[in-house]
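The values are calculated or read from the model by the stated rules, or taken from the named source; none is laboratory data. All of these numbers come straight from a predicted model, not from anything done at the bench. Quick reminder, even Gly has a Cβ in these numbers, built from the backbone with ideal geometry, and neighbours come from all protein chains shown.
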Amino acid sequence: MRASLYRTPETRFACVALLVLAALARSSMAQDAKLAAAEAGIEQRITASGAEVAVYFRTLDGKAEYRARPDDTFHAASTMKVPVMIELFRQVQQGKLRLEDQMVVRNEFHSIVDGSSYTLSVSDDSEGELYKAEGQPRSLGELCELMITVSSNFATNLLIEKLGVQNIRATVHNLGADGVVVLRGVEDGKAFAKGLNNTATARGLATLMEAIADGKAVDAQSSRAMIGILERQRFNEGIPAGLPPGIAVAHKTGEITRIHHDAAIVFAKRPYVLVVMVRGLADPKQSTALISDISRELYGATQ
């Protein structure tokens, strides 16, 4: 009679464990191969576009990541509104402010160059209703919603004035996201002329988004609230467009001439953070297509 290979419970357990480990190793190798193929496709797509592109992708379990020029510096455009939101919730958590606190809407701001005043124009903004509310009070929560979901420049400058740009910068530093540099409010023409702009890297933005996803940007409650606001984003032609319908995406876009970014937390079955930053394409439809294509490739390779 042939001796059993599974003579003892310990032996049986060891054999089963080896089989499980082998299966996991095969699965990991297959996933690595899919991601490697996606990376090659993404790099070809970027080269063909002629744009300068930075990408930072990382699953929240930390087991898969892809980076392309993650520390290149770009004009931040409206992605700089994410650290403004984080600072608002930090000051609320500290008891310095409440989201219900009101501030009077005034269209007058001051250049960081010489302190001279300037105003914002509704024609250069993505939201116009707030301009009709000059002289009226609006809550900090309302302004934050407008800043993120419809990317209101007016709401952004009002919040920066309330929060203090130095406080925003300190919070970014404390979160380890020094690739994101907030110098000023939006549409400070004198600062722009001197090259004094808000800037960001893909790594820096990803660090902020991952801190929110992990509940560590301020605290868990604040992070849940920020995710809710980011999920109500109305400009969804970039990262969300590359995903199957029904997947929740908490994200912030940024777009100015020849600049187009999207920074997201994607709540897929295997959640991840993805930041895509594009510079050099004059047609927004081309940059939108590029961002959504990169999003599609990385989703398909890791889910």
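Suppose we keep only residues that are within 15 Å of Ser78 (Cα to Cα) and basic (Lys, Arg) within the range 221-275. Which one would you say is farthest from the chain's Cα centre (by Cα)?
Looking at the filtered set, the residue picked out is Arg258.
Determine if the range 180-193 includes at least one residue that is outside any helix (DSSP H, G or I), over 18 Å from the mean Cα position of the chain (by Cα), at pLDDT 95 or above and small (Gly, Ala, Ser).
Yes.
Do we have Ala241 as closer than 30 Å to Gly95 by Cα, modelled with pLDDT of 95 or more and not acidic (Asp, Glu) here?
No, not satisfied.
Among the listed residues Leu60, Leu88, identify the single one that is in contact with a strand residue (DSSP E or B) (Cβ under 8 Å, 6 or more places away or on another chain), surrounded by 14 or more Cβ atoms within 10 Å (Cβ to Cβ), in contact (Cβ under 8 Å) with a residue 12 or more places away in the chain and farther than 17 Å from Gly179 by Cβ.
The conditions single out Leu60.
When you go through Ser292, Ser287 one by one, which is the residue that is of a type in the set (Ser, Thr, Tyr) and under 22 Å from Ala36 (Cα atoms)?
Only one candidate passes the filter, namely Ser292.
Quick grid of which residues meet (1) surrounded by 16 or more Cβ atoms within 10 Å (Cβ to Cβ); (2) of a type in the set (S, T, N, Q); (3) assigned to a helix (DSSP H, G or I):
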position	(1), (2), (3)
Ala241	yes, no, yes
Pro245	no, no, no
Gly254	yes, no, no
Asp262	yes, no, no
Val275	yes, no, no
Ser287	yes, yes, yes
Ile291	yes, no, yes
Leu298	yes, no, yes
Ala301	yes, no, yes
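For the range 201-217, indicate whether the set of residues that are surrounded by fewer than 20 Cβ atoms within 10 Å (Cβ to Cβ) and of a type in the set (Asp, Glu) is non-empty.
yes
Quick one: which residue in Ser111, Ser123, Ser117 is crowded, with 16+ Cβ neighbours inside 10 Å and either over 17 Å from Met226 (Cβ atoms) or touching a strand residue (DSSP E or B) at 6+ places or on another chain (Cβ under 8 Å) (or both)?
Unique residue meeting the criteria: Ser111.
Which of the residues that make up the range 167-179 are under 18 Å from the mean Cα position of the chain (by Cα) and not in a loop (DSSP other than H, G, I, E, B)?
Ile168, Arg169, Thr171, Val172, His173, Asn174
What are the pairs with Cβ atoms under 7 angstrom where one residue, in the range 152-169, is in contact (Cβ under 8 Å) with a residue 40 or more places away in the chain and the other, located anywhere, is of a type in the set (Lys, Arg) and part of a helix (DSSP H, G or I)? Sequence gap at least six, or different chains.
Cβ pairs passing all conditions: Thr156/Lys81.
From the list His260, His251, exactly one residue is closer than 16 Å to Thr149 by Cα and either touching a residue at least 24 places away in the same chain (Cβ under 8 Å) or not charged (D, E, K, R) (or both). Which is it?
His251
Given the range 48-155, what strands (runs of 3 or more DSSP E) lie entirely inside it while holding 2 or more residues that are of a type in the set (Phe, Trp, Tyr), modelled with pLDDT of 95 or more and over 24 Å from the mean Cα position of the chain (by Cα)?
none
Looking at (1) touching a residue at least 12 places away in the same chain (Cβ under 8 Å); (2) over 30 Å from Ser49 (Cα atoms); (3) charged (D, E, K, R); (4) out of contact with any helix residue (DSSP H, G or I) (no Cβ under 7 Å at 6 or more places or on another chain), find the lone condition where Arg203 falls short.
Unmet condition: (2).
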